[in-house]
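Step one of this worksheet: look at the structure below.
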Amino acid sequence: MVRKVNTKFDIRGVNHVAMVCKDMARTIEFYRDRLGMPLIKTIDLPGGRGQHFFFDMGNGDAIAFFWFPDAPQAHPGIVAPESLPGNGSITTAHGSLNHLAFHVPAEKFDAYVARLEEEGIEISRVLNHDDSPQKITETMNDDVFMRSVYFFDPDGICLEFACWTRELDVICEPASVTRT
């Protein structure tokens, strides 16, 4: 994939993304035991204010969680989608995390979809993103540039396994910009 070079900063990817969970043990069971991400660091926050812990998601990148004993309850449809893509509304509030996509190898995508199902994880249908007017097709073709499958973690965080299926060789600008 051809990428535009950042000439201002030497940014090398995502160090970590930090989210908040309701139950640390349940989160560890999901990410470590069901998705296979090694738990690489745990931190007890000073004064018993909670914990911060990190999972290795590959390539030197991590997904991190805070657990706060006094955190407010989740609000699906505001800070997280109500539904998986293709199953209902995915609208979320400004400044929210809509979903987190994990890059997986294209040649392993279908096997990984099957493995998620074997783990008992409810998934969306596979979305083949293309350049058609509908932007998604049921079948693979030369226009498909990405394949995706979505699922929720135990706290309702929308996750995605995604793979590029062809190189994107055109640096583009947004088709239109909407300002309010």
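The values are calculated or read from the model by the stated rules, or taken from the named source; none is laboratory data. A quick note: this is a predicted structure, and the numbers were derived from the prediction, not measured. Virtual Cβ from ideal backbone geometry, glycine too; neighbours counted across all protein chains shown.
A few comments on the model shown:
- Taking each residue of the stretch 48-60 that is surrounded by fewer than 16 Cβ atoms within 10 Å (Cβ to Cβ) and looking for partners that are part of a loop (DSSP other than H, G, I, E, B) with beta-carbon atoms closer than 7 Å, six or more apart or interchain, yields 49/68; 59/13.
- Residues of the stretch 137-151 satisfying the condition of being touching a residue at least 24 places away in the same chain (Cβ under 8 Å) and not small (Gly, Ala, Ser): 140, 142, 147, 149, 150, 151
- Residue within the stretch 6-15 that is outside any strand (DSSP E or B), free of Cβ contacts under 8 Å to residues at least 40 places away in the same chain and surrounded by 12 or more Cβ atoms within 10 Å (Cβ to Cβ) present: no
- Within the stretch 94-103, considering residues that are surrounded by 12 or more Cβ atoms within 10 Å (Cβ to Cβ) and out of contact with any Asp or Glu (no Cβ under 8 Å at 6 or more places or on another chain), the one farthest from residue 123 (Cα to Cα): 96
- When each of 147, 125, 115 is tested for being buried (at least 19 other Cβ atoms within 10 Å of the Cβ) and either part of a loop (DSSP other than H, G, I, E, B) or of a type in the set (Lys, Arg) (or both), the lone residue that passes is 147.
- Boolean, residue 19 is in a loop (DSSP other than H, G, I, E, B), at pLDDT 90 or above and under 14 Å from residue 153 (Cα atoms): no
- Among residues of the stretch 64-90 being touching an Asp or Glu at 6+ places or on another chain (Cβ under 9 Å) and outside any loop (DSSP other than H, G, I, E, B), the one that is nearest to residue 161 (Cα to Cα) is 80.
- Of all residues making up the stretch 28-63, the number that are part of a loop (DSSP other than H, G, I, E, B) and over 26 Å from residue 161 (Cα atoms): 3
- Yes/no for residue 102 being within 19 Å of residue 36 (Cβ to Cβ), in a strand (DSSP E or B) and touching a residue at least 60 places away in the same chain (Cβ under 8 Å): yes
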